[in-house]
Amino acid sequence: MNIQKFTQKSVEAIQNAQNIAIENQNAQIEQEHLLCALLEQENSLIKELLKKMGTSENFEESLKNEISNTKSKKCKCDSRK
């Protein structure tokens, strides 16, 4: 993956997704982290698309709750190797 070929907004979203994963003590970045990061961006195209699709107003909050719940489901470090 050549990060230099990504747009600035894409790089920011990936970095923000990484921060979200770290804050929630997740061992890896998952789709939920990236979606949450995209929703938090200013002038988010994803947020606008979801509005047009008719998602509920509390979708972003539900997503954040799902991310916090994943830390109890995923192992933080696979020490069995």
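Annotations for the structure displayed:
- Segment Met1..Asn19, full-extension length gain: 4.5 nm, with 0.36 nm per residue of separation and the alpha-carbon distance subtracted.
- Overall form of the chain per C-alpha gyration tensor (a/c, 1.5; a/b vs b/c): oblate
- Pairwise FRET efficiency - Gln31 versus Lys52, Cβ, R0 = 22 Å, nearest 0.05: 0.60
- The chain, accessible surface, carbon-and-sulfur percent (1.4 angstrom probe): 49
- Most mobile listed residue (Ser56, Ser68, Ser44) in the chain, GNM with C-alpha springs under 10 Å: Ser56
The values are calculated or read from the model by the stated rules, or taken from the named source; none is laboratory data. These numbers were taken from a predicted model, which means no experiment stands behind them. Here Cβ is always computed from backbone atoms with ideal geometry, including for glycine, and neighbour counts include all displayed protein chains. When the accessible area is computed, the model is the full protein with side chains, heavy atoms only, and any ligands, DNA or RNA have been set aside. Shrake-Rupley method; radii C 1.70, N 1.55, O 1.52, S 1.80 Å.
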